[in-house]
Amino acid sequence: MEITEIYEKLKKVFETGLGEIKTDIPTEPFFFADADKIDVICMFLRDEESLQFDNLSCLSGVDYDKDNLAVVYHLISYVHNHRLVLKTLAPKSNPVVKTVTDVWAAANWHEREAYDLIGINFEGHPDLRRILLPEDWEGHPLRKDYKVPEFYRGMKVPY
Amino acid sequence: MGILNKLDYTAEKFESGNIIITSADKLLNWSRLSSMWQMFFGLACCAIEMMATSASHYDLDRFGIIPRPSPRHVDIILISGTVTLKMATRIKRLWDQMPEPKYVLSMGSCSNCGGPYWEHGYHVLKGVDRVIPVDVYVPGCPPRPEALLEGLIKLQEKIRNQSIAKKTA
């Protein structure tokens, strides 16, 4: 099923929660979904008979633009052999996105990584703590405005 | 006779009577440099070269360099790869657990000076010598097994010239 068909199908079910669709771009087409509805939308994408997105291929955090962070979901259906890219924006002032760990268990560590490096808070995540960096690290280093600390535990960090 | 041949450069031999006279320094240094047990520990792609050096083709065993699983057994630690800040705290801890005399060989650009991460690596320690004292630096990215062997032989030379009476480092 093509992304436009999927989008139309979702439009019929969800009156709110879906953003604009972008197909006229050099990369894979995608559409936006709202951060507080993403868990319901993903559950529908997984369970609907004609969609059956049974695999979360990747979940990534992105420093999207001046005001927003984003989470990008790459979904694959092994049953129907189709794929989908879904994005959700979260404002930098309060980046909260609903977790999808209840939909795909694979999201657990991916969301922890997005929290660790970008600083997105996933509401409802069972164990949201750093996964790569040390526990006492300050800040989220893949943000564009991140400044490297002078020292970490007495070790000089810059060259 | 093996021992006699190895001690040749240091010792006086008496032809009959199986007596060797040598100095304590030379005997200690000879025994230390001939059995540099190594911390079993790899960090990044350099570790692959280190493993290749340990394996049969280059055969570190012939220098008496045997990987050991505990820092309490070892004489040298090969820092083979990128030292992240998270790992640096562990390296310091391993180093503190090693018994004296102990030596460090820093292998590859990353552990020498940060390597390709020198500017944009917020997570990389820019040289392991910021945490522990390094005896020999081996350049390369990663160094060939021959380069690593050269570094280990340099370390053997350093040990050969040590003295228990005066501090060298």
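Every number here is computed from the coordinates shown, using simple stated rules; none is lab data. Remember, predicted model here, so these are calculated numbers, not experimental data. Here Cβ is always computed from backbone atoms with ideal geometry, including for glycine, and neighbour counts include all displayed protein chains.
Quick check, is A:LEU59 in contact (Cβ under 8 Å) with a residue 12 or more places away in the chain and surrounded by 20 or more Cβ atoms within 10 Å (Cβ to Cβ)? So A:LEU59 fits the description; yes. Scanning region A:101-159 for residues being aliphatic (A, V, I, L, M) and over 30 Å from B:ILE132 (Cβ atoms) gives a total of 8.
If the condition is being part of a loop (DSSP other than H, G, I, E, B) and of a type in the set (A, V, I, L, M), then region A:135-159 contributes A:LEU142, A:VAL148, A:VAL157.
Selection of region B:79-137 for residues being more than 10 Å from chain A (Cβ to nearest Cβ), in contact with a Phe, Trp or Tyr (Cβ under 8 Å, 6 or more places away or on another chain) and under 19 Å from A:PRO158 (Cα atoms) yields B:THR82, B:CYS110, B:ASN112, B:ILE132.
Residues that are surrounded by fewer than 19 Cβ atoms within 10 Å (Cβ to Cβ) and among the charged types (D, E, K, R) within region B:116-134 comprise B:GLU119, B:ASP129, B:ARG130, listed in sequence order.
When the test is whether a residue is touching a Ser or Thr at 6+ places or on another chain (Cβ under 6 Å) and either touching a residue at least 60 places away in the same chain (Cβ under 8 Å) or among the hydroxyl-bearing types (Ser, Thr, Tyr) (or both), A:ILE38 passes it.
For region A:134-156, filtering for residues that are touching an Asp or Glu at 6+ places or on another chain (Cβ under 8 Å) and in contact (Cβ under 8 Å) with a residue 24 or more places away in the chain leaves 4. The strands (runs of 3 or more DSSP E) found wholly in region A:50-134 and carrying at least 3 residues that are under 26 Å from A:TYR7 (Cα atoms) and of a type in the set (Gly, Ala, Ser) occupy A:55-63.
Give the residues of region A:110-133 that are surrounded by 15 or more Cβ atoms within 10 Å (Cβ to Cβ), out of contact with any Asp or Glu (no Cβ under 6 Å at 6 or more places or on another chain) and more than 21 Å from A:LYS37 (Cβ to Cβ), sorted by residue number. Selection gives A:ARG112, A:GLU113, A:ASP116, A:LEU117, A:GLY119.
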